[in-house]
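The values are calculated or read from the model by the stated rules, or taken from the named source; none is laboratory data. Here the structure is a predicted model, which means the values were calculated and not measured. Neighbour counts are summed over all protein chains in view; Cβ atoms, including those assigned to glycine, are modelled from backbone coordinates with ideal geometry. These accessible areas exclude ligands, DNA and RNA; they are computed on the full protein's heavy atoms, side chains included. Shrake-Rupley method; radii C 1.70, N 1.55, O 1.52, S 1.80 Å.
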Amino acid sequence: MKRWEREGVIELEELDIPGEEHLKKGVAIIECVQEIPCNPCVDACPVRAISMEHINAVPRVDYGACTGCGTCVEVCPGLAIFLVKIEGEHAQVTVPYEFVPLPEKGDRVTALNREGEHVCDGVVKRVRKMKTPVVTIEVPREYAMEVRNIRVMS
Ligand code: SF4
Ligand code: SF4
């Protein structure tokens, strides 16, 4: 049994990690590993970069086609899609965030890993107030594949 089945935490080895050239462009990383009948991400992608073999299959991203627009992040009911963009020594990580209060651009937040543990501090670069709000933070590049949530500092 895989760890996500036991504890709900996905290991990096279970994900399709984009290469450096795609990370520099900024792409969606889908951390959806359970075979469930769901596909809003496929329908929402304006460039058809997300595909599924069948309705119960896990979605795949064509990193060459993905433009990093973030639409799929907003529509995923499982909060399972993130954007990662590498810029020099920094990474911009975009996460869905359904708590209040929402942070504001320029705020410092606590960046958390998949287990909800502190990784580092991050700076909010963008907040999109959609049905599912989407927050982009900047963190040191080495944490690009670790940071997947935030906690607003009080
Ligand atoms: S970020 Fe935009 S282009 Fe990339 S997979 Fe998501 S919806 Fe498609
Ligand atoms: S919308 Fe989210 S939960 Fe549904 S298949 Fe796509 S990534 Fe998985």
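Quick notes
- Whichever residue in the stretch 34-49 is within 25 Å of R3 (Cα to Cα) and buried (at least 16 other Cβ atoms within 10 Å of the Cβ) and, among such residues, is farthest from ligand 1 (Cβ to nearest atom): C38
- For the stretch 125-154, a residue qualifies if it is modelled with pLDDT of 95 or more, among the hydrophobic types (A, V, I, L, M, F, W, C) and farther than 15 Å from F82 by Cβ, and the qualifying residues are V127, V152.
- Of A44, A49, A91, all but one fail to be of a type in the set (G, A, S) and out of contact with any helix residue (DSSP H, G or I) (no Cβ under 7 Å at 6 or more places or on another chain); the exception is A49.
- Of all residues in the stretch 63-82, those satisfying the criterion of being at positive phi and without any contact (Cβ under 8 Å) to a residue 60 or more places away in the chain are G68, L79.
- Single residue of G68, G8 found to be within 16 Å of ligand 2 (Cβ to nearest atom), of a type in the set (G, A, S) and modelled with pLDDT under 95: G8
- Taken together, F99, F82 contain a single residue that is farther than 19 Å from L12 by Cα and either within 12 Å of the chain's Cα centre (by Cα) or not aliphatic (A, V, I, L, M) (or both), which is F99.
- Residues within the stretch 50-66 that are open to solvent by 30 Å² or more (accessible area, probe 1.4 Å) and near ligand 1 (Cβ under 9 Å from one of its atoms), tallied: 2
- Looking at V58, V135, just one residue is more than 12 Å from the chain's Cα centre (by Cα) and of a type in the set (V, I, T), and that residue is V58.
- Taking the stretch 68-87 as the range and being farther than 10 Å from I29 by Cβ, near ligand 1 (Cβ under 7 Å from one of its atoms) and in contact with a Gly (Cβ under 8 Å, 6 or more places away or on another chain) as the test, only G68 passes.
- Restricting the stretch 88-101 to residues that are touching a residue at least 40 places away in the same chain (Cβ under 8 Å) and outside any strand (DSSP E or B), the residue that is nearest to ligand 1 (Cβ to nearest atom): Y97
- One residue alone among P18, P37, P46 is closer than 18 Å to R114 by Cβ and either part of a loop (DSSP other than H, G, I, E, B) or more than 16 Å from the chain's Cα centre (by Cα) (or both), and that residue is P18.
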